[in-house]
Amino acid sequence: MAKFSEDTYDLAQRLIKRYPEGKQKSALIPILHLAQAEFGGWLSAEVMDYVASILNIKPIEVYEVASFYSMFNLKPVGKCLIEVCRTAPCWLKGSEDITQHIEKKLSIKDGETTKDGMFTLKTVECLGSCGTAPMMQCGHKYYENLTTDSVDEIISTLKEQNQAQVYVSNDFFREN
Amino acid sequence: MGRKVLLEHDHIEGINTYEVYRKMGGYRSVEKAIKTMSPDEVVEEVKKSGLRGRGGAGFPTGMKWSFLAKPAGVARYLVCNADESEPGTFKDRYLMEKNPHILVEGMITASFALGANTSYIYIRGEYFYLVKILERAIAEAYAAGFLGKNILGSGYDLDLYVHPGAGAYICGEETALLESLEGKRGNPRMKPPFPAIAGLYACPTVVNNVETIAAVVPIVNLGGEEYAKIGIGRSTGTKLISAGGNIKKPGVYEIEMGISVEDFIYSDEYCGGIENDLELKACVPGGSSVPILPKDLLLKTAAGETRLMSYESLSDGGFATGSMLGSGGFFVYDQRACIVRSTWNFSRFYHHESCGQCSPCREGTGWMEKILHRIENGHGKMHDIDLLVDVASKIEGNTICPLGDAAAWPVAAAIRHFREEFEYHIKYPEKVKDPKHFHKIPFRGLKNVYA
């Protein structure tokens, strides 16, 4: 069965305490983020059931939330989930060319994962980076003012690092 | 140079740390409010300032605060809306990244005014790196005694927490945000009751945008009347504008409300003119939900007056010939942009972001996306244009929350001002096969050839 590391479990308990007694369900989204980061970048039924047990809520309450929010992956994704902004302000600055370039470079289409499990490409809606468009996100990092050349560099760096890129690390939250 | 009260110190090295922020006069508003004012007096100053919600709706903040119910023995909450997701808008991200302490300070002063002992900053999940920045700023404020128990020896207690979302535009709508903060799907609630009566955990709650809360700092420091002298008419104060699209100098600018749109676009102090010195075609002045305006109506109102960057001037002429200041997400289209492709792009956005609760929005946004997709790709029929107008009009006003309106308005406005461009796509399908069909010759030039 899925189980948090001691460190993450403690953090989850601290997050629960941020909400009034009996309102522990409020910590669901933050804890799902921790779970996704710790359990391979996606949320399996087993992981969601585990989160439900931590929060003392029904599994269905976790499923209905996990399926609503676009940052939660209900299927496995590559180590690096590349999310290219496709909304109008980025489109005006050439985001369609960026997406096409990545598709060609990695030989995958929007929504697909490379055979080696390294990259998943996803086009997403506005990420609030319209002044530095076109842009993409990978893990918690924003890559801005993209050109096809800079995309090539970013992808080869990610490949070299060969590390899972996550939205959140435990040290993002303060200790108290 | 216009007056700055929010980004005044954003260029100072280390302003994101407590030490430097404090040295530059930070946390004075907390001291002033807690030591010398009653909570109601703070609310009064905010009323006098004329501050209006900076998230998009422009509702008077002081009035919103005065609606807060105060039944004895019931907790009250202040929730900061940092779910900035309106396409074209990135000002809150900039402010929180550069100067997180101004938001923390504003949260403390505003929480004191409202009598909240627990407050939350709900931030969109994609901004996770900002969670780290805000958490550090909050830890510093606790260490300095501005948060926690018995702040400045006053007996006032406040805990402040950051709460990340997980990717849902709808959670910027205040009741959806509260649902999400309670650990649920972001489905907006029916109003009434308004959050001021029954908000977070059914307790009285105020939800304010990041920039709104930050503005409480200069309002308390300067006094409401002094703040109200900045700006023009009922558009008091400064506004953060997120400038993007085909301009020379994209970025976040703090403007004194009342400067002209033309100055904002062409002056070197702000956008610096159109990229590559091309021609200005159109602009969405207040985030993707507000009507697009063609150049002529953008720079001057229908009555021929200079269009100003203010709530009133940008909405002059209503939706027939005006738009809205909205969230200040200001993006500019040069002559190469295709309005049909842009409108399809927006419709795809709203279809993707509809929560699915109300059928007119859930179904209507999908239909609009589909129809616009076929027009843009050369498969449209002439009656599709009126069909779009019809679908948009049936979404508008028929949904629980304003996402339906926000999806309908840009479509209606694009057809209102650029109908010929839609007709061109339908009449000459072979001419729009290349997605960049207006890059070589702008539509303006083509119009004469095919008229």
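The values are calculated or read from the model by the stated rules, or taken from the named source; none is laboratory data. Since the structure is predicted, the reported quantities are computational estimates derived from the model, not experimental observations. Virtual Cβ from ideal backbone geometry, glycine too; neighbours counted across all protein chains shown. For accessibility, only protein heavy atoms count, side chains too; no ligands or nucleic acids. Shrake-Rupley method; radii C 1.70, N 1.55, O 1.52, S 1.80 Å.
Filter the stretch A:130-157 for residues that are touching a residue at least 12 places away in the same chain (Cβ under 8 Å) and over 26 Å from B:M96 (Cβ atoms); which is surrounded by the most Cβ atoms within 10 Å (Cβ to Cβ)?
Going residue by residue through the stretch A:130-157, those that are touching a residue at least 12 places away in the same chain (Cβ under 8 Å) are A:130, A:132-142, A:144-146, A:148, A:151-152, A:154-155.
Within this subset, residues satisfying the condition of being over 26 Å from B:M96 (Cβ atoms) are A:148, A:151-152, A:155.
Values: A:T148: 14, A:V151: 21, A:D152: 13, A:I155: 19.
Selected residue: A:V151.
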Residues of the stretch A:33-87 that turn out to be away from chain B (no Cβ under 12 Å), closer than 25 Å to A:Y143 by Cβ and of a type in the set (V, I, T), as a count: 3
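Could you identify the single residue in B:P294, B:P360 that is within 21 Å of B:F443 (Cα to Cα), touching a helix residue (DSSP H, G or I) at 6+ places or on another chain (Cβ under 7 Å) and surrounded by fewer than 23 Cβ atoms within 10 Å (Cβ to Cβ)? Write out each step before concluding.
On the way: B:P360 fails: within 21 Å of B:F443 (Cα to Cα).
One residue alone meets the criteria, B:P294.
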Sole exception among (1) in contact (Cβ under 8 Å) with a residue 40 or more places away in the chain; (2) of a type in the set (D, E, K, R); (3) open to solvent by 10 Å² or more (accessible area, probe 1.4 Å); (4) in contact with an Asp or Glu (Cβ under 7 Å, 6 or more places away or on another chain) for B:E262, by number: (4)
Unmet requirement for B:D386, which otherwise passes all of (1) free of Cβ contacts under 8 Å to residues at least 12 places away in the same chain; (2) open to solvent by less than 60 Å² (accessible area, probe 1.4 Å): (2)
When residues of the stretch A:130-173 are limited to those that are touching a helix residue (DSSP H, G or I) at 6+ places or on another chain (Cβ under 6 Å), within 12 Å of chain B (Cβ to nearest Cβ) and among the hydrophobic types (A, V, I, L, M, F, W, C), the one farthest from A:V84 (Cα to Cα): A:F173
Residue match in the stretch B:126-136 (condition: open to solvent by less than 10 Å² (accessible area, probe 1.4 Å), among the charged types (D, E, K, R) and within 14 Å of chain A (Cβ to nearest Cβ)): yes
Every residue from the stretch B:103-125 that is in a helix (DSSP H, G or I), hydrophobic (A, V, I, L, M, F, W, C) and open to solvent by less than 10 Å² (accessible area, probe 1.4 Å): B:L103, B:V104, B:M107, B:I108, B:A110, B:A113, B:L114
Of all residues in the stretch B:34-87 being of a type in the set (S, T, N, Q) and in contact (Cβ under 8 Å) with a residue 12 or more places away in the chain, the one that is nearest to B:Y127 (Cα to Cα): B:S85
Odd one out for B:L147, checked against (1) in contact with a Leu (Cβ under 6 Å, 6 or more places away or on another chain); (2) of a type outside the set (S, T, N, Q); (3) more than 12 Å from every other protein chain (Cβ to nearest Cβ); (4) surrounded by fewer than 23 Cβ atoms within 10 Å (Cβ to Cβ): (3)
Condition broken by B:K381, with the remaining ones in (1) assigned to a loop (DSSP other than H, G, I, E, B); (2) modelled with pLDDT of 95 or more; (3) crowded, with 18+ Cβ neighbours inside 10 Å; (4) not acidic (D, E) satisfied: (3)
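Kindly indicate whether any position in the stretch B:441-449 is open to solvent by less than 30 Å² (accessible area, probe 1.4 Å) and in contact with an Asp or Glu (Cβ under 6 Å, 6 or more places away or on another chain).
Of the stretch B:441-449, the ones open to solvent by less than 30 Å² (accessible area, probe 1.4 Å) are B:442-443, B:445-446.
If we keep only those that are in contact with an Asp or Glu (Cβ under 6 Å, 6 or more places away or on another chain) as well, we get B:443.
The answer is yes; a qualifying residue exists.
Looking only at the stretch A:58-115, which residues are of a type outside the set (G, A, S), in a loop (DSSP other than H, G, I, E, B) and open to solvent by 60 Å² or more (accessible area, probe 1.4 Å)?
Our first condition is that a residue be of a type outside the set (G, A, S); within the stretch A:58-115, this holds for A:58-65, A:68-69, A:71-77, A:79-87, A:89-93, A:96-106, A:108-110, A:112-115.
In the following step, the residues that additionally are in a loop (DSSP other than H, G, I, E, B) were identified as A:58, A:68-69, A:71-77, A:79, A:86-87, A:93, A:108-110, A:112, A:114-115.
Of everything in the stretch A:58-115, those that are of a type outside the set (G, A, S), in a loop (DSSP other than H, G, I, E, B) and open to solvent by 60 Å² or more (accessible area, probe 1.4 Å) turn out to be A:K58, A:L74, A:K75, A:P76, A:K79, A:K109, A:D110, A:E112, A:K115.
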Qualifying residue in the stretch B:328-339 (condition: modelled with pLDDT of 95 or more, away from chain A (no Cβ under 14 Å), out of contact with any Leu (no Cβ under 6 Å at 6 or more places or on another chain) and surrounded by 21 or more Cβ atoms within 10 Å (Cβ to Cβ)): no
Subset of the stretch A:116-129 (residues that are within 12 Å of another protein chain (Cβ to nearest Cβ) and open to solvent by 30 Å² or more (accessible area, probe 1.4 Å)): A:K122
Residue within the stretch B:156-163 that is open to solvent by 10 Å² or more (accessible area, probe 1.4 Å), closer than 24 Å to A:P20 by Cβ, modelled with pLDDT of 95 or more and among the charged types (D, E, K, R) present: yes
Residue ID - farthest from the other protein chains (Cβ to nearest Cβ), chosen from residues in the stretch B:78-109 that are more than 16 Å from B:I219 (Cβ to Cβ) and among the small types (G, A, S): B:A82
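Search the stretch A:11-30 for residues being part of a helix (DSSP H, G or I) and out of contact with any Phe, Trp or Tyr (no Cβ under 9 Å at 6 or more places or on another chain), and hand back the single one that is least open to solvent (accessible area, probe 1.4 Å).
Of the residues in the stretch A:11-30, the ones part of a helix (DSSP H, G or I) are A:11-16, A:24-30.
Next, from what is left, pick out any that are out of contact with any Phe, Trp or Tyr (no Cβ under 9 Å at 6 or more places or on another chain): A:13, A:16, A:24, A:28.
On the way: A:Q13: 53, A:I16: 27, A:Q24: 48, A:L28: 0 Å².
So, considering only residues that are part of a helix (DSSP H, G or I) and out of contact with any Phe, Trp or Tyr (no Cβ under 9 Å at 6 or more places or on another chain), the one least open to solvent (accessible area, probe 1.4 Å) is A:L28.
Matching residues to (1) closer than 15 Å to B:V43 by Cα; (2) open to solvent by 10 Å² or more (accessible area, probe 1.4 Å):
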| position | (1), (2) |
| --- | --- |
| B:E173 | no, yes |
| B:E179 | no, yes |
| B:E182 | no, yes |
| B:N187 | no, yes |
| B:M190 | no, yes |
| B:G199 | no, no |
| B:N209 | no, yes |
| B:T212 | yes, no |
